[in-house]
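Remarks on the structure that follows.
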Amino acid sequence: MFYDFPRRFWWGTASSSLQTEGNKNKRGKSTWDIWYEKEPFRFYNNVGPNKLSDFYSNFKKDIDIMKELYLNSFRTSISWSRLIPGGTGEIDSDAAAYYHDLIDYLIEKDIEPIINLFHFDMPIELANKGGWANKEVVNAYVNYAKTVFSLYGEKVNYFITFNEPIVPIEMCYLYGAHYPFELNFKKGIGAAYNTIIAHCRAVEEYRKLDLPGQIGIVLNLTPSYPRSSHPSDVNAAKTADLLFNRSFLDPVVKGHFSKDLIEFLKENNLCPNAEKKELETVKNNKVDYLGVNYYQPRRIKAKENIPNPQAPIMPETFFDYYTEMPGRRMNTSRGWEIYPKGIYDLSIDIRDNYGNIPYFISENGMGIEGEEKHKNEDGQIQDDYRIEFIKEHLIWIHRAKEEGCNVFGYHLWTFIDNWSFTNAYKNRYGYVSLDLETNKRTVKKSGEWIRKTIFNNGFEG
Ligand code: BGP
C-alpha cells in the first residue's frame with residue numbers, strides 16, 4: 001500500500017546549537033563546556049562539545065544538502081551563552097548576526113526554520129546560581145526569550161521555548177548524571193515547576209509582541225505501559241505517566257496542572273509552592289502547537305519489595321521498570337526499546353485528551369554504534385535498518401492521521417551525525433554521515449530514501 005501524507009507535511013530534521021555549532025566566535029560558556037573542561041573522561045572517547053561538525057562555519061553547505069534531499073523544515077536552537085555571554089546583559093553582535101544569516105538562508109532555500117530557545121545548555125553563570133531551581137534564572141530566561149523574539153520574531157514563523165525540559169531535571173535531580181549532579185526529587189520537582197513558569201512567561205512575552213508566528217514547546221512523551229492489568233501495575237504506570245508526561249503536557253496545553261498529579265505530590269510532601277499569579281500565567285498562555293519527541297515507551301510494574309522507609313523518596317519509590325518481554329526489540333547502542341506503536345498511542349492521547357492540538361513529531365531516530373561497518377565501497381552508509389525504523393514509525397503516524405490526529409510533520413533526529421550529550425559520537429543518528437577526521441559529509445542510504453519519500457510525499461510500504 002502507498003502511505004501518503006498531507007500537503008505541506010513537515011519533512012525535516014532536528015538538531016541543537018550545542019551539538020552542532022562548535023565554539024568558533026563563542027564568547028560565553030554553558031554547563032557542558034565547563035563540565036567537559038573539568039571531567040573530559042566522563043565523555044565517550046574523551047570527546048567534548050568542542051569537536052563538532054562546525055555548523056557555525058558550514059551552515060550554508062549543510063542547508064544546501066538539506067535542499068538536495070528536499071527537506072522543507074529544520075529545527076535548531078539558539079545558544080543562550082553564545083547570544084548573551086553570561087546569560088544576562090549585552091548581546092553579542094556577531095552571534096546575533098550569525099543567527100540572522102542562518103535563518104535568512106533557510107528562508108531563502110524555502111526551508112521552514114523552527115527556532116528553539118533552550119536545548120539543555122544553560123550559561124554556566126546561571127547554572128552556578130542554582131539553575132532552574134532559582135527563580136532569578138527564570139527571569140533571566142524570560143529576558144533572553146524577549147531578546148530572541150525581538151531579534152528574529154518578524155521572520156520566524158515557529159518558535160519553541162524548550163526542548164524536552166524534563167530531561168535536564170531528570171538527569172540532574174533523579175539520576176545525578178548531569179551538571180550539577182544533585183539527587184533530590186523534591187528539589188527537582190520545584191525546578192520543573194519553575195521551568196514550566198519560565199515557558200509560560202516566554203509565551204506571554206511572545207504574544208505581547210503581536211508577532212506573525214506561533215509558539216510551542218517540544219516534549220519527550222513516553223507512553224507508560226503497565227506490565228499487566230492488575231490494579232497495582234496499572235496504578236504504578238499511572239504514577240509514571242503523571243510524573244513524566246502529564247506534568248508538562250497538562251499545564252502547557254490545558255493551562256492547568258493535573259489534579260491527580262497535585263494530589264499525588266501533596267500526599268507525598270513533594271508539592272512546590274505555587275503563587276496565584278504564576279497559576280494565572282499558566283492558565284493564560286497555552287501553546288499554539290506541540291513538538292513531540294518519541295524514542296521509547298516506559299514499561300512499568302508495581303513495586304515488588306516494600307521500599308526502605310529510611311531511603312529518600314524518588315520516583316522508583318512508587319514503581320519499577322521491567323524489561324522481561326518476549327520479542328522486545330532494542331536499539332542496541334542505546335538500550336532503548338523500539339516500539340513504533342507508541343507513536344500512535346501518544347497521538348491518540350493527544351487527540352482525545354488534549355483537544356486535538358496540532359503537533360509534529362519533532363524527534364524520532366535510531367542511534368547506531370559502529371555504523372562505519374555499514375559503509376559500501378563508495379563510502380556510503382547502507383543504513384537499511386534506519387529506513388525500516390523510520391517506515392515503521394511513519395506507518396503508525398499515517399494511521400493516527402487517518403484517525404483524525406492533528407499531526408503535521410515528522411523530523412528525524414538528526415540531519416548530520418552529531419555530538420551526543422556525554423555519548424559524544426558513540427551513536428550515529430543522521431541521514432548524513434560525518435567523517436570526524438575530515439569533517440566530510442556523505443549522504444547515507446536513508447538520506448536517499450527520504451529524498452524519494454518527500455518527492456512522492458509518501459512511500460510504498
Ligand atoms: C534527545 C535530545 C537530543 C538527542 C537525542 C538522542 O533526548 O533532545 O538532543 O541527543 O535525544 O539522544 P542521545 O544523543 O543521548 O543518544
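The values are calculated or read from the model by the stated rules, or taken from the named source; none is laboratory data. Computed from a predicted model, the values in this text were never measured in an experiment. Positions of Cβ are backbone-derived with ideal geometry, glycine not excepted, and every protein chain shown enters the neighbour counts. Just the protein is used for accessible areas: all its heavy atoms, side chains included, with ligands, DNA and RNA removed. Shrake-Rupley method; radii C 1.70, N 1.55, O 1.52, S 1.80 Å.
Tabulated results
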| read-out | value |
| --- | --- |
| Residue check, SER150 farther than 28 Å from VAL432 by Cα, without any contact (Cβ under 8 Å) to a residue 12 or more places away in the chain and surrounded by fewer than 18 Cβ atoms within 10 Å (Cβ to Cβ) | no |
| Selection count, the range 435-448, where residues are small (Gly, Ala, Ser) and either within 11 Å of the ligand (Cβ to nearest atom) or without any contact (Cβ under 8 Å) to a residue 60 or more places away in the chain (or both) | 0 |
| Set MET366, MET330: member being open to solvent by 60 Å² or more (accessible area, probe 1.4 Å), more than 24 Å from ARG8 (Cβ to Cβ) and under 21 Å from the mean Cα position of the chain (by Cα) | MET330 |
| Filter result (part of a helix (DSSP H, G or I) and more than 19 Å from ALA140 (Cβ to Cβ)) within the range 156-186 | ILE166, VAL167, GLU170, MET171, TYR173, LEU174, PHE185, LYS186 |
| Test: residue in the range 370-377 that is out of contact with any helix residue (DSSP H, G or I) (no Cβ under 6 Å at 6 or more places or on another chain), of a type in the set (Lys, Arg), open to solvent by 50 Å² or more (accessible area, probe 1.4 Å) and assigned to a strand (DSSP E or B) | yes |
| Contacts under 9 angstrom Cβ, first residue in the range 202-217 being closer than 10 Å to GLY153 by Cβ and hydroxyl-bearing (Ser, Thr, Tyr), partner at pLDDT 95 or above and part of a helix (DSSP H, G or I), 6 or more apart | TYR206/ALA145; TYR206/LYS146; TYR206/PHE149 |
| Residues of the range 153-191 classified as of a type in the set (A, V, I, L, M), within 16 Å of the ligand (Cβ to nearest atom) and open to solvent by 10 Å² or more (accessible area, probe 1.4 Å), total | 6 |
| Residue among PHE421, PHE415, PHE408 that alone is in contact (Cβ under 8 Å) with a residue 24 or more places away in the chain and in contact with a Ser or Thr (Cβ under 7 Å, 6 or more places away or on another chain) | PHE415 |
| Yes/no for ASP54 being touching a residue at least 60 places away in the same chain (Cβ under 8 Å) and touching a Lys or Arg at 6+ places or on another chain (Cβ under 6 Å) | no |
| Residues within the range 43-55 that are touching a helix residue (DSSP H, G or I) at 6+ places or on another chain (Cβ under 7 Å) and either part of a helix (DSSP H, G or I) or of a type in the set (Phe, Trp, Tyr) (or both), tallied | 3 |
| Verdict on TRP449 being at pLDDT 95 or above, open to solvent by 40 Å² or more (accessible area, probe 1.4 Å) and part of a helix (DSSP H, G or I) | no |
| Tally of residues being assigned to a strand (DSSP E or B) and away from the ligand (no atom under 15 Å from the Cβ) across the range 5-20 | 2 |
| Residue pairs meeting the criteria (Cβ under 7 Å; at least 6 apart or on separate chains; first within 18 Å of ILE115 (Cα to Cα) and outside any loop (DSSP other than H, G, I, E, B), in the range 344-367; second of a type in the set (A, V, I, L, M) and within 14 Å of the ligand (Cβ to nearest atom)) | TYR359/VAL292; ILE361/VAL292; SER362/ALA14; SER362/VAL218; SER362/VAL292; GLU363/ALA14 |
| Subset tally (residues that are polar (S, T, N, Q), within 11 Å of the ligand (Cβ to nearest atom) and open to solvent by 10 Å² or more (accessible area, probe 1.4 Å)) for the range 398-434 | 3 |
| Lone unmet requirement of (1) of a type in the set (Val, Ile, Thr); (2) buried (at least 16 other Cβ atoms within 10 Å of the Cβ); (3) in a loop (DSSP other than H, G, I, E, B) for THR323 | (2) |
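Conditions (1) part of a helix (DSSP H, G or I); (2) touching a Pro at 6+ places or on another chain (Cβ under 8 Å); (3) surrounded by 18 or more Cβ atoms within 10 Å (Cβ to Cβ), marked per residue:
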{"position": "ARG82", "(1), (2), (3)": "yes, no, yes"}
{"position": "ASP94", "(1), (2), (3)": "yes, no, no"}
{"position": "ASP110", "(1), (2), (3)": "no, no, no"}
{"position": "PHE120", "(1), (2), (3)": "no, yes, yes"}
{"position": "LEU126", "(1), (2), (3)": "yes, no, yes"}
{"position": "LYS129", "(1), (2), (3)": "no, no, no"}
{"position": "TRP132", "(1), (2), (3)": "yes, yes, yes"}
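Residues checked against (1) more than 16 Å from the ligand (Cβ to nearest atom); (2) at pLDDT 95 or above:
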| position | (1), (2) |
| --- | --- |
| LYS286 | yes, yes |
| TYR289 | yes, yes |
| GLN296 | no, yes |
| GLU304 | yes, no |
| GLN310 | yes, no |
| PHE319 | yes, yes |
